[in-house]
Structures are given as C-alpha cells and as structure tokens.
1. Once you order the gyration tensor axes a ≥ b ≥ c over the Cα atoms, which shape class does region 28-161 get: rounded for a/c under 1.5, otherwise prolate or oblate by comparing a/b with b/c?
2. Please list, in chain and number order, the residues 5+ apart from residue 131 or on another chain whose amide H is under 5 Å from its amide H, with Hs placed from the backbone.
3. Please turn the phi angles of region 165-181 into ³J(HN,Hα) values with the Karplus equation 6.51 cos²θ - 1.76 cosθ + 1.60 (θ = phi - 60°), one per residue in order, whole Hz, x for glycine and proline.
4. Toward the positive end of the charge dipole of region 50-156, about the Cα centre and with charges on Cβ (Lys, Arg +1; Asp, Glu -1), which of 51, 83, 66 goes farthest?
5. Check residue 177: other-chain or 5+ apart residues with amide H under 5 Å from its amide H, H built from backbone geometry?
6. Please give the charge dipole size of the chain, origin at the Cα centre, charges +1 on K and R Cβ atoms and -1 on D and E Cβ atoms. Round to the nearest 20 debye.
7. Over region 1-123, what relative contact order in percent results from Cα pairs under 8 Å that are six or more residues apart?
8. Relative to the present Cα-Cα distance, how much length would full extension add between residue 58 and residue 18 at 0.36 nm per residue of separation?
Amino acid sequence: MRKKIVAGNWKMNKTFEQGLNLVDEIIQSSAIHQTPEVLKIIIPPFIHLHSVSEKTKHINDIEIGAQNCNNNEAGAFTGEISAAMIASCGAKYVLVGHSERRQYYNETEAILTQKVNHAISKDITPIFCVGENLTERNNNTHLETVKQQLKETVFNLSVTDFSKLIIAYEPVWAIGTGVTATSHQAQGMHNYIRSEINKKFGKETSESISILYGGSCNPENAKELFACIDVDGGLIGGASLKANDFVAIANSF
Ligand code: PGA
C-alpha cells in the first residue's frame, strides 16, 4: 500500500521561537495521534531544522524535511546549504523543483537533477514538485508541461533511485491563491503522472510511489482531494502554519 503523507511547507515564515511553538502545538495536539498511519513531514526554514528534529525524533509518524539544498556537494557557495548539512540536522526529506524556486531562483531542469542526485546520495528523499501555470492549464497543455518536467529530470534516474522519490503535483495557479484544483482536476493529473511512471519504470514502481497534491489545500477541501484514488496526500503551504489546520488536514484521509 502507498504511504499516505501530509507535508507542511512553512516557506519563509516563522521566527525561530514561533517555529518551535508551532511544532509544540502540533506534537501536543491530541487529534494528531488519530492518524498514526499518516506520515507527517514538517518542512521549516533551515534555521529550525535541528531543533525541530530534536523535538520530534521520538515520534514515529513525524519526520523533518528541508525546503531546499544546493546542487553542489560542498565548497565556496556563500549562503548555501548542502544535502549533507541538512541530513546532519535530522532532515530526511527535501523539496526539489518547487515552482517558487523555479520561478524566483531560475532553477533549471539540470540544476534540479543535480539536487535530486545529491539528496539521494545523502539518503535524503526528494519531494519532487511539478505543475503547470495558468496559461498552460487554459491552453490545455498542462499534461505535456508536467510530462516534460518529469522527462528532463527524474525520469533520467535509475528505477532504484526513482522509487525513492515522492512526487508533488502543484498547479502554479493554485499555490497561495485560495483557488484549489477540483478533485477531478487533481485526480486527472495524478492518474496521468502515474501512467507515465508506469510506462517509464513499470507497474510496481508506479503503484508504490506517493503522489501528493499541493495548492491551497485546507481542512475544508482536503477530504475530497485525498479521497481520489491517485492522491496520496498533500503538500501544504499556508494551512501548515496553523497547528489545528495542519492536524485537521492530516486527519482528512
Ligand atoms: P499553499 O502552498 O498551500 O499555500 O497554496 C502550497 C505549496 O506551495 O507547497
């Protein structure tokens, strides 16, 4: 059975103290223990990683991820953080290919591929994000866009490495906008991604990889989205900044 996952991407929010308070609230929420079979991944800014990891290390269903890592192994890259560094702080996951990184930091498919490889080499699981923009959705080229994003990056991995990934489908027009993809749109794309994985890597891999939906997911719409057969959970931005909302979403399977 595929893993059910709810990952909270805090983005550039929360001071150190606010972040630790949020984690305490999540851990102390009695509701969260209703879903031990759902993996919760907390993805705070780098500065929180070690402390959040210390707070959660005894909790089986909570893991820690980083929002980014550099595409180089180590060296003179002022201000950057490597995959080995985030691993040493307790991170087990890293976001790669988030549309905000592609858009604001010009992350190309070549860079994303290097990031994925570095992360895997340090035993970090990449959560690889794909998704079309509004023009592509309106022009009905969204499937082609997502296929291309996969083809130029993670479809070049070996089947063994590809099987280690989590995929997140995040339509750019739904991120932070309050406009969520309908369950029909989400299921359509998730099913398409899974069928492309099947063609490339075979049935076993396509059936076992978790594909998360991201984009204005909240406690009101999560149940319907997660009920879709090919939606294995969510990558949550805004709603992950409130403990009650994050826990409610994690309880939405
Ligand atoms: P959102 O962000 O939930 O605020 O739309 C999702 C994401 O970017 O991961």
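1. On the way: a/c = 1.95, a/b = 1.34, b/c = 1.46.
Because a/c hits 1.5 or more and a/b fails to exceed b/c, region 28-161 counts as oblate.
2. Amide H to amide H, under 5 Å and 5 or more residues apart or across chains, residue 131 pairs with 170.
3. Per-residue couplings from phi come out as 7, 10, 9, 10, 8, 10, x, 4, 5, 9, 6, x, 9, x, 9, 9, 4 Hz.
4. 51
5. Excluding prolines and chain starts, which carry no amide H, the hits are 216.
6. Values: 23 positive and 27 negative charges, 47 e Å.
Dipole of the chain, to the nearest 20 debye: 220 debye.
7. Working: 164 pairs, mean separation 27.5, N = 123.
Dividing the mean separation by the residue count of region 1-123 yields 22 percent.
8. Numbers: separation 40, 0.36 × 40 = 14.40 nm, distance 2.13 nm.
Using 0.36 nm per residue and subtracting the Cα-Cα distance, I get 12.3 nm.
The numbers here are math on the coordinates, done by the rules we state, and not lab data. The structure presented is a predicted model; accordingly, all values stated were derived computationally and were not measured. Counting neighbours? That spans all protein chains shown, and the Cβs are built from the backbone with ideal geometry, glycine included.
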